[in-house]
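See structure below.
The values are calculated or read from the model by the stated rules, or taken from the named source; none is laboratory data. In this text the structure is predicted, and so the values were computed from the model without any measurement. Neighbour counts are summed over all protein chains in view; Cβ atoms, including those assigned to glycine, are modelled from backbone coordinates with ideal geometry.
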Ligand code: FES
Ligand SMILES: [Fe+2]
């Protein structure tokens, strides 16, 4: 029995006929060849979110980002004019990694007026210009202005910093993000500066973990304990159904709906949730963000609760109606592993009670995300077995899983076609 | 950076770590007044259920009073003893996961997975 209306075609999946309804393969989560092509076709061509503008608050503030899939490190820095720029973290003299603190492989952050190479002391301005060379006159036919830091395309949307490793990205950031995502323009992300950042190295392909956060079909089962014992049986028998799914190019979103948690009966809550007026769904007492929150409810559904935007390829922005948001990123570190980053963003606490409410939300987020992490490592192992050389079904509630694997596959196919054409013409 | 318990020990401050209305919780302060989530998570994983149940039984019913005491101050300007009190609330939240949900120290089905909180507000 459908709880919510579906499109005229009868299902969300058939509403987007390009998706098909067939069985799918997870070869794309185990094959080293696929992973290598995916790096080139997807991660080195798409716009990738590497941070928030709050990470580089002032002129000279910088962070480094290790992009394992591209075997590079980037410096993201705010220049003297306030523009956010990105450069390869490599000295133009003899290739030394310029910015690092504890170890060259570890990310770091800080603030400076110039970047000075630890090796022979060449210096670079915040705009990447090489402006000092030790014993410059010893070099031959040398013009240091030709040896600035190598820039990477960098742009900002809604305070999210994106980079693009392509030589000339075919689309601007805004065009790439498309109308469904950029409809969020004006959402007060900039007010949510109280952050809880999480990081994990997880032994599964990045897409498998992303899948676990773009379908809720698994929630009543894998996370059965999200429901209190009094409600668990009912939650499981009801299963999960979303009121709205939407695709836009390679991007996708799902909405959920429901009454605010504070209105739920007491036996639907754990005691700690009642005591802190918070929990897995976040603080019960919402900040006043005003009524004009553009783009958060593209389906116009009644009583929306979550708007979960999956921005291609590896970014999730999950907005809660109760006035906070989560951001997840999945960075491939090998064909069968990835680095997961997750952050919870809140309007800053004004007192200890609000701080405790946010703490409870952050603690419960981690508890249940650990179930995903543990389980998905098992999925990865199983998909590497010979038994997995088969195809698997996906339900209508897993439309976004289908769409991610199809979108990645489409980009990889396009790249492979170009490559074989280039070979043919060579 | 406040380190709570250690700071008190080193400077030879009075034995009581918590504000006087919370003297009954003093016996848990050495173990559970921890400034960061990684410390609180590690303490939870290193504790037995009976240790956590004893802490929870004493502290959970007092969460409201503890927060009301702290709310009388600016969050960014908590006196050290109130700051430790808030840390005790954070630890109560941590152990409530084991007491109320899992009935064991570890998350069910987390296997060996880790998820490190690498940045958080203080206190
Ligand atoms: S490698 Fe950087 S100054 Fe020589
Ligand atoms: Fe999950």
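Among the residues of segment A:213-229, is there at least one that is more than 16 Å from ligand 2 (Cβ to nearest atom), away from chain B (no Cβ under 14 Å) and part of a loop (DSSP other than H, G, I, E, B)? Full working, then the answer.
Going through segment A:213-229, the residues more than 16 Å from ligand 2 (Cβ to nearest atom) turn out to be A:228-229.
Checking the rest, the ones that are also away from chain B (no Cβ under 14 Å) come to none.
Scanning segment A:213-229, I find no residue that is more than 16 Å from ligand 2 (Cβ to nearest atom), away from chain B (no Cβ under 14 Å) and part of a loop (DSSP other than H, G, I, E, B), so the answer is no.
Yes/no matrix, rows are residues, columns are (1) farther than 21 Å from residue A:239 by Cα; (2) surrounded by 19 or more Cβ atoms within 10 Å (Cβ to Cβ):
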{"site": "A:355", "(1), (2)": "yes, yes"}
{"site": "A:374", "(1), (2)": "yes, yes"}
{"site": "A:383", "(1), (2)": "yes, yes"}
{"site": "A:387", "(1), (2)": "yes, no"}
{"site": "A:390", "(1), (2)": "yes, no"}
{"site": "A:394", "(1), (2)": "no, yes"}
{"site": "A:404", "(1), (2)": "yes, yes"}
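Please note which strands (runs of 3 or more DSSP E) are completely contained in segment A:117-179 and include at least 1 residues that are within 16 Å of ligand 1 (Cβ to nearest atom). Lay out the reasoning, then the answer.
Values: elements: A:130-132, A:151-157, A:160-164.
Result: A:130-132.
Condition check ((1) outside any helix (DSSP H, G or I); (2) modelled with pLDDT of 95 or more; (3) out of contact with any helix residue (DSSP H, G or I) (no Cβ under 8 Å at 6 or more places or on another chain)) across all residues:
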position: A:394; (1), (2), (3): yes, yes, no
position: A:401; (1), (2), (3): no, yes, no
position: A:405; (1), (2), (3): no, yes, no
position: A:416; (1), (2), (3): no, yes, no
position: A:419; (1), (2), (3): no, yes, yes
position: A:422; (1), (2), (3): no, no, yes
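Looking at segment B:96-123, which of its residues are more than 7 Å from every other protein chain (Cβ to nearest Cβ), touching a residue at least 60 places away in the same chain (Cβ under 8 Å) and either over 14 Å from the mean Cα position of the chain (by Cα) or within 30 Å of residue A:204 (Cβ to Cβ) (or both)?
B:105, B:106
Would you check which residues across segment A:115-129 are in contact with a strand residue (DSSP E or B) (Cβ under 8 Å, 6 or more places away or on another chain) and either within 16 Å of ligand 2 (Cβ to nearest atom) or over 19 Å from residue A:63 (Cα atoms) (or both) and list them?
Residues of segment A:115-129 in contact with a strand residue (DSSP E or B) (Cβ under 8 Å, 6 or more places away or on another chain): A:115-117, A:121-128.
The answer is A:121, A:122.
So in segment A:107-116, with the set limited to residues that are touching a residue at least 24 places away in the same chain (Cβ under 8 Å) and assigned to a loop (DSSP other than H, G, I, E, B), which one is nearest to ligand 1 (Cβ to nearest atom)? Break it down into steps so the answer makes sense when it comes.
If we filter segment A:107-116 for residues that are touching a residue at least 24 places away in the same chain (Cβ under 8 Å), which is where we start, we get A:107-113, A:115.
Those still in the list that are assigned to a loop (DSSP other than H, G, I, E, B) too: A:107-108, A:112-113.
Details: A:107: 20, A:108: 17, A:112: 15, A:113: 17 Å.
That would be A:112.
On the given criteria, is residue A:197 in contact with a strand residue (DSSP E or B) (Cβ under 7 Å, 6 or more places away or on another chain) and farther than 20 Å from residue A:30 by Cα? Spell out the reasoning first.
Working: in contact with a strand residue (DSSP E or B) (Cβ under 7 Å, 6 or more places away or on another chain): yes; farther than 20 Å from residue A:30 by Cα: yes.
Yes; evaluated as a whole, the condition is true for this residue.
So in segment A:80-100, with the set limited to residues that are under 17 Å from residue A:51 (Cβ atoms) and surrounded by fewer than 16 Cβ atoms within 10 Å (Cβ to Cβ), which one is farthest from ligand 1 (Cβ to nearest atom)?
A:82
Quick one: residue A:236 ticks every box in (1) under 23 Å from the mean Cα position of the chain (by Cα); (2) more than 10 Å from chain B (Cβ to nearest Cβ) except a single one, so which number is it?
In the conditions (1) under 23 Å from the mean Cα position of the chain (by Cα); (2) more than 10 Å from chain B (Cβ to nearest Cβ), residue A:236 misses (1) alone.
Mind telling me which of the residues A:197, A:211 ends up being assigned by TED's automatic domain parsing to the domain that holds residue A:349, more than 16 Å from ligand 1 (Cβ to nearest atom) and surrounded by 19 or more Cβ atoms within 10 Å (Cβ to Cβ)? Working first, answer last.
Values: A:197 fails: surrounded by 19 or more Cβ atoms within 10 Å (Cβ to Cβ).
Answer to the check: A:211.
Somewhere in segment A:132-154, is a residue more than 16 Å from ligand 2 (Cβ to nearest atom) and closer than 30 Å to residue A:296 by Cα?
Taking segment A:132-154 and keeping what is more than 16 Å from ligand 2 (Cβ to nearest atom), we get A:132-154.
Right, trim to closer than 30 Å to residue A:296 by Cα and you get A:153-154.
Within segment A:132-154, one or more residues are more than 16 Å from ligand 2 (Cβ to nearest atom) and closer than 30 Å to residue A:296 by Cα.
Pick from A:72, A:108, A:101, A:64: which is within 14 Å of chain B (Cβ to nearest Cβ) and either modelled with pLDDT of 95 or more or away from ligand 2 (no atom under 16 Å from the Cβ) (or both)?
Values: A:72 fails: within 14 Å of chain B (Cβ to nearest Cβ); A:101 fails: within 14 Å of chain B (Cβ to nearest Cβ); A:64 fails: within 14 Å of chain B (Cβ to nearest Cβ).
Going through A:72, A:108, A:101, A:64 in turn, just one is within 14 Å of chain B (Cβ to nearest Cβ) and either modelled with pLDDT of 95 or more or away from ligand 2 (no atom under 16 Å from the Cβ) (or both): A:108.
State whether the residues of segment A:59-69 include one that is surrounded by 16 or more Cβ atoms within 10 Å (Cβ to Cβ) and within 16 Å of ligand 1 (Cβ to nearest atom).
There is at least one residue in segment A:59-69 that is surrounded by 16 or more Cβ atoms within 10 Å (Cβ to Cβ) and within 16 Å of ligand 1 (Cβ to nearest atom).
Of all the helices (runs of 4 or more DSSP H) wholly in segment B:4-123, which have at least 1 residues that are loosely packed, with under 13 Cβ neighbours inside 10 Å? Spell out the reasoning first.
Working: elements: B:5-10, B:26-32, B:37-45, B:49-59, B:63-71, B:80-96.
Output list reads B:5-10, B:26-32, B:37-45, B:49-59, B:63-71.
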